[in-house]
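Participant: Handing you this structure, nothing more for now.
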Amino acid sequence: MIRTSDLLTLTPAGLYCPPGDFHIDAMRGVPRNLVTHAHSDHARAGHDTVSATAETLDIMELRLGAGFCRQREVMAYGQSRQIGDVRVAFHPAGHILGSAQIAIEKDGFRVVVSGDFKRGADPTCRPFEVVPCDAYVTEATFGLPVFAFPDPEVELAKLLGSRGMFPERTHAVGAYALGKAQRLMRMLAVAGYDRPVWYHPAVAPLAEYYRQRGIDLGDIRPVDDVAPASLAGEIVICTPGSLKNGWAERFPDPLIATASGWMQVRARARQINVQLPLVISDHADWPSLCATARDVEAGELWVTHGETEALVHWATLQGIDARPLDLIGYGDEDAEPAVGQAA
Ligand SMILES: [Zn+2]
Ligand SMILES: [Zn+2]
């Protein structure tokens, strides 16, 4: 009889699968690393072999350089592969382009590692797939009942409404450079926004990559092409870092917005001087964390990072055998370094 701990253990480098002899989202260089997605807290350089979706490998190269590992192995969604004594398959996680949950199976016992995920609609990536399993290893970035995110379209309408109300002000919208920035661009295009969407230079390589992958981001333009004064009334997608360091002050009477799940905490929005908080997250909120734990029908739940305690408590009350892992080093993509900057 196989137990979860036979397939997955904790090492100083992170989650490790002994019978497959590989790590998942390892924090330091390991011989073989399976990567859920390309955000910098999950995808690091210095491994011998990295197995990930084609998009994740491409984005890792964009951000970390071509030498980020010795050997790459492309994992297509839904196709399983034997690694050591286990079968491994990647399934869409709905978090960002290329993001995956990783399923590990041995003798009919299946463990799924969620990586970061969300259940809500995102026009820039494949939707989350429910993969039934015996044990589910979930994130819990927003694992408190207070986090129940509104419809992202409603939040986008707030941005468009504000623009209508303040047509002479530049709307500077903070969004992390990988995923959120492109999602906002795509959402604006889908909403029929008929002005160009401007962006901070750090967003350029990833926006270009999304376009190469066939994701229509609409009419997007780099701000360095024009005089800042000419962007009155326009929407500029900024990195969170550029909002912090005052970069947006160059625009006419800038109105500072930020798209993040954290914007549901009004105190946090005020603290970083966000005038227009937009609750648009690439993570699961509390209702979808709970729904997912139910949907996968796992008897066991491991909670990797974030607000682990409340989710463990809730799962225990549901009769699910739950434990917190409290992995250190996974964080919030809002703290992501931009492309080209040191980590
Ligand atoms: Zn992430
Ligand atoms: Zn993360």
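Participant: For Lys180, give me every one of the lysines with a C-alpha distance below 20 angstrom, ignoring sequence neighbours fewer than eight places off in its own chain.
Facilitator: Lys118, Lys158, Lys244
Participant: Sticking with this structure for a sec: Any idea which of Tyr210, Thr56, Val173 is furthest toward the positive side of the dipole for the chain, if Lys and Arg beta-carbons carry +1 and Asp and Glu beta-carbons -1?
Facilitator: Val173
Participant: Still on this structure, I have one more. Select from region 164-254 those GluC sites (Glu not before Pro) which occupy a DSSP coil region and have at most 15 other Cβ atoms within 10 Å, ordered by residue number.
Facilitator: Answer in residue order: Glu168.
Participant: Still on this structure, please answer the following. What residue among Ala76, Ala310, Ala227 shows peak mean-square fluctuation when the chain is described by a Gaussian network model with Cα springs under 10 Å?
Facilitator: Highest fluctuation of the listed residues: Ala227.
Participant: Same structure, new question: Roughly how big is the chain's charge dipole about its Cα centre, with Cβ charges of +1 (Lys, Arg) and -1 (Asp, Glu), in debye to the nearest 20?
Facilitator: Details: 31 positive and 43 negative charges, 76 e Å.
The dipole magnitude comes to about 360 debye.
Participant: Additional query: Among Gly65, Gly108, Gly120, which one shows the highest mean-square fluctuation when the chain is modelled as a Gaussian network with alpha-carbon springs under 10 Å?
Facilitator: Gly108
Participant: Relative to the present Cα-Cα distance, how much length would full extension add between Glu129 and Glu208 at 0.36 nm per residue of separation?
Facilitator: 25.8 nm
Participant: Same structure, new question: If you take the beta carbon distance between Ala191 and Arg81 as r and set R0 to 56 Å, what does 1/(1 + (r/R0)^6) give as a FRET efficiency, to the nearest 0.05?
Facilitator: Between Ala191 and Arg81 the formula returns 0.90.
Participant: At a Förster radius of 45 Å, what calculated FRET efficiency corresponds to the Cβ-Cβ distance of Asp216 and Asp107, to the nearest 0.05?
Facilitator: Working: r = 45 Å, r/R0 = 0.99.
For R0 = 45 Å, the calculated efficiency reads 0.50.
Participant: For the chain, build the charge dipole from Cβ charges (+1 Lys, Arg; -1 Asp, Glu) around the Cα centre, then report which of Pro324, Leu156, Pro18 sits farthest towards its positive end.
Facilitator: Leu156
Participant: Mind checking the angle between helix 308-317 and the chain's longest principal axis? C-alpha axes, 0 to 90 degrees, to the nearest 10.
Facilitator: 50 degrees
Participant: Still on this structure, please answer the following. For region 84-126, what is the Kirkwood estimate of the hydrodynamic radius, computed as the reciprocal of the mean inverse distance between distinct Cα atoms, to one decimal in Å?
Facilitator: 11.1 Å
Participant: Cα gyration tensor of region 144-212, axes a ≥ b ≥ c as square roots of the eigenvalues: rounded (a/c below 1.5), prolate (a/b > b/c) or oblate?
Facilitator: oblate
Participant: To the nearest 10 degrees, how steep is helix 54-64 against the longest Cα principal axis of the chain, on a 0 to 90 scale?
Facilitator: 60 degrees
Participant: Let me ask something else about it. What three numbers, in Å, describe the spread of the alpha carbons of region 152-278 along their principal axes, ordered from the longest?
Facilitator: Principal extents (largest minus smallest coordinate, Cα): 38, 31, 27 Å.
Participant: Further question: Using Cα springs under 10 Å in a Gaussian network model of the chain, which residue among Arg270, Arg163, Arg323 shows the largest mean-square fluctuation?
Facilitator: Arg270
Participant: Name the residues whose placed amide hydrogens come within less than 5 Å of the amide hydrogen of Tyr199, ignoring near sequence neighbours (fewer than 5 apart) on the same chain.
Facilitator: Close amide H contacts, sequence-distant or interchain: Arg221, Val223, Ile237.
Participant: How far is helix 152-165 tilted off the main Cα axis of the chain, in degrees rounded to 10, range 0 to 90?
Facilitator: Relative to the chain, helix 152-165 is tipped by roughly 10 degrees.
Participant: Another question, then. What is the Cα centroid distance between region 1-29 and region 185-247, reported in whole angstrom?
Facilitator: Measuring centre to centre over Cα atoms gives 39 Å.
Participant: A follow-up question, please. Report the label-to-label distance for Ala66 and Val226 in nanometres (one decimal), using points 7 Å from each Cα along the Cα→Cβ vector.
Facilitator: Roughly 3.6 nm, to one decimal.
Participant: How many angstrom lie between the C-alpha centres of region 255-286 and region 107-149?
Facilitator: A separation of 22 Å, based on Cα centres.
Computed from the coordinates by the stated procedures, all read-outs in this text should not be read as laboratory data. Bear in mind the structure is a predicted one, so any value in this text is a computation, not a measurement. All Cβ positions, even for glycine, are placed from backbone atoms using ideal geometry, and neighbour counts span all protein chains on display.
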